[in-house]
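Colleague: Take a look at this one; I'll ask things after.
What follows is calculated from the coordinates using simple rules that are stated; it is not laboratory data. These numbers were taken from a predicted model, which means no experiment stands behind them. Backbone-built Cβ (ideal geometry, glycine too); neighbour counts: all protein chains shown.
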Amino acid sequence: MTRPVASVLGTTVPIVLAPMGGVAGGALAAAVSRAGGLGMIGVGDAGADRLAAELRVAQGERVGCGFVTWCLDREPARLDVALDHQVAAVMLTSGDVRRFAPRVHAAGVPLLCQVGGRDEAAEALGHGAEVLVAQGGEGGGHGTRLRSTMTLVPEVCDLVRSRGHPVPVLAAGGVADGRGLAAVLALGADGAVVGTRFAATAEAAVSPAAHRRMARARGDDTVTTRVYDDVRGVNWPDGYTSRVLRSRFTDTWHGKGPGGVPVEHLHEATTQFVDGTRRDDPDTVAVTAGEAVGLVDRVESAGTVVQVMAAEARAVIESLHGGAAAPWARS
């Protein structure tokens, strides 16, 4: 599975940790990097001091940082913190990268841009993206949900290769085991960005209740909603929703408004969310998870996840490459 992404990101296996805000901290990022992938700290809406603390936790390991671009607009100093720590990569998502791309390039740090469509991919290439992350709507967390991983990834791969100077493409959304990794490699991607599977690891900043729910959940148990953004006071741009596990809380408030909590009920919902989160109530806490949560049945170490996923992918590739041709492929 030697791919161009290894030369850009310094990995030995084509697996990158999704920079999940509030989940992917320094401990999880370091564990993924130690196992041969690339760990990414999810900055989310955390301040510069919190980011610096997470980078200290990961000290000694090559890790990157992922920024929500519209959040970074509000506190650009967070990018300075990452670059001053000589991070291994910077990922920008959900916003206009033009303001920050030159600073990342000037620091000599690989720039990853997460995209949800072909036009967005072409724009990111125009701003010097050195790796594209093609995110399908199956993934957990925030996105526009307009495309599926199965069709978006090969389209983005075709786009970059038509330019004559192709950059690596990573697939995101729905990859949680070696079968998924082998599948996106077959689609033309150079590796995968994995979120949900790493959220269900010992090093993730996730509550015990959330871990128990992920281990029991199926892919049918997710919902895309804005209710948790509303009660947290996080104003994502129009068109973005977050894929989370359904709960009594989402069943209560999702659908009462246009995808979120109606203004007249916001105080009630917020009070319920704060109290439930304090008690780690499984029917209230926000559990970010993609459809691949149905492939997760236990909480393991991040290193084990990397090793098993890579071994499974190799086995799938070798079986397809060396096995007898399928009946429909025989002459």
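Colleague: What residue among Ala289, Ala311, Ala176 has the largest mean-square fluctuation in a Gaussian network model of the chain, using Cα springs under 10 Å?
Modeller: Judging by the Gaussian network model, the answer is Ala311.
Colleague: Would you list Met91, Met20 from fewest to most Cβ contacts within 10 Å?
Modeller: Ranking Met91, Met20 by Cβ neighbours within 10 Å, fewest first, gives Met20, Met91.
Colleague: Which of Thr252, Thr270, Thr284 moves most in a GNM of the chain, Cα contacts under 10 Å?
Modeller: Most flexible of the set in this elastic network: Thr252.
Colleague: Still on this model: In a Debye calculation with equal point scatterers on the alpha-carbon sites of segment 208-278 and no solvent, what is log10 I(q)/I(0) at q = 0.13, 0.18, 0.26 Å⁻¹?
Modeller: So the normalised log intensities are -0.37, -0.71, -1.28.
Colleague: For Val274 paired with Thr304, estimate the spin-label separation in nm (one decimal), with each label point 7 Å from Cα along the Cα-to-Cβ line.
Modeller: Computed distance between label sites Val274 and Thr304 equals 3.8 nm.
Colleague: Same structure again: Among Leu159, Leu51, which comes first, second and so on when ranked by fewest other beta-carbon atoms within 10 Å?
Modeller: Ordered by Cβ neighbours within 10 Å, fewest first: Leu159, Leu51.
Colleague: Starting from the 7 Å offset along Cα-to-Cβ, what nm value, one decimal, do you get for the label separation of Val234 and Arg74?
Modeller: Spacing of the two 7 Å Cα→Cβ label points: 1.0 nm.
Colleague: Moving to a separate point now. Can you put Cys157, Cys71 in order of Cβ neighbours within 10 angstrom, beginning with the fewest?
Modeller: Cys71, Cys157
Colleague: Of all the stretches in the chain, which is the longest one without any exposed loop site, taking trypsin sites (Lys or Arg not before Pro) in a DSSP loop (any state but H, G, I, E, B) with at most 15 other Cβ atoms within 10 Å?
Modeller: Looking at the chain, 1-73 is the longest stretch - no exposed trypsin sites (Lys or Arg not before Pro) with at most 15 other Cβ atoms within 10 Å.
Colleague: Shifting gears a bit: Contour minus end-to-end for Thr12 and Arg212, with contour as 0.36 nm per residue of separation and end-to-end as the Cα-Cα distance?
Modeller: Between Thr12 and Arg212, full extension yields 68.9 nm more.
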